[in-house]
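Please read the structure below before turning to the comments.
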Amino acid sequence: MPVFRLTLAILLLLSSAARAQQPPGSPAARELDLTPEADGSLPQSKIEQLFRVVAQKDIENEKRQHNYTYIERQVENRVDGKGNVKSTEVKTYEVLELYGEQVERLIEKNDKPLSPKDAAREEEKIQKVIDKRKNESESERRKRQEREEKEREDSRKFVTEIADAYTFKLAGTESVGGREAWVIDGEPRPGFVPHMKDAKFLSKFHGRVWIDKADLQLAKMDVECLDTISFGLFLARFHKGSRFRLEQTRVNNEVWLPAHLAAKIDVRLGLVKNFDVNFEQTFRDYKKFGSSSRVIAGGEAGSPK
């Protein structure tokens, strides 16, 4: 599994804590009270209230995300012990939505167009997805929908694990992309016992999130690995000090989408020696397909503020 995939898995694991499309003025938004105690802490009851709203609204935002295509540029720098870059790999993808499935089509390597052979291979990959869905039987469609619903249900359960896994403290408010956001710090809660397999990683991280006040959406996130973690079929390991940052942007006044992702990680894959990686993803050119309306972002997706 490429390093950027492992990084994204960690970020998605944590960012589910705040991925909720919350329309301003809705009943849930009006009832939510994040007033801190005198010492700045957030009572557990208020955290649970926040995550109930998250669980209710997460699916709505996810559905809106599927209405957009975009360009994703990935830069992976391998560095030596002194921080000098040893090698760089750049890949640019066009991300499409085909029959409800998100598909990446590689369009550039190291900022150069693909060779005719590689371009043809990418087109063949896309066509396979199209053919598979066009020829999908009713039974196959039903099984796929049941699997997707189970994944959504697991996500809803996972947010309750996050509420139990951390002690949260309201650090204040800041402007993010010209919008007011709560700044919340999270530290692992002593004695946390996970109920879901993936939740066992939560106690290995701490960090800070910025939650947009109006939409209750994740605007920024900065998390750090507190101890070595191992996972995956080929035993990937992230070491203490590995750091992940994510920024999102509000698009078309209806959905929050990734703008910038950066990571500095010390990783070991299987029996391969340790290596340090600086990884960066930028997202741009969000377009809502099937609509002639112009896409307007709260900030330029490729250059988040």
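The values are calculated or read from the model by the stated rules, or taken from the named source; none is laboratory data. Keep in mind that this is a model prediction, so the values were computed, not measured. Because the Cβ atoms are built from the backbone with ideal geometry, glycine has one as well, and the counts that use them run over all protein chains shown.
Overview of results
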quantity: Unique match (being over 18 Å from Leu32 (Cβ atoms) and either under 20 Å from the mean Cα position of the chain (by Cα) or in contact (Cβ under 8 Å) with a residue 12 or more places away in the chain (or both)) among Lys213, Lys197, Lys169; calculated: Lys197
quantity: Residue pairs meeting the criteria (Cβ under 8 Å; at least 6 apart or on separate chains; first on the phi > 0 side of the Ramachandran plot, in region 221-247; second surrounded by fewer than 18 Cβ atoms within 10 Å (Cβ to Cβ) and at pLDDT 85 or above); calculated: Gly241/Glu224
quantity: Which listed residue, of Glu151, Glu123, is assigned to a helix (DSSP H, G or I) and either modelled with pLDDT of 90 or more or among the polar types (S, T, N, Q) (or both); calculated: Glu123
quantity: Answer residue from region 71-105, given it is surrounded by 14 or more Cβ atoms within 10 Å (Cβ to Cβ) and of a type in the set (S, T, N, Q) and is farthest from the chain's Cα centre (by Cα) among those; calculated: Asn77
quantity: Options Ala171, Ala163, Ala219, Ala199; residue that is more than 26 Å from Glu60 (Cβ to Cβ) and surrounded by 14 or more Cβ atoms within 10 Å (Cβ to Cβ); calculated: Ala171
quantity: In region 87-145, the residues that are of a type in the set (A, V, I, L, M, F, W, C) and more than 22 Å from Glu76 (Cα to Cα); calculated: Leu96, Leu98, Ala120, Ile126, Val129, Ile130
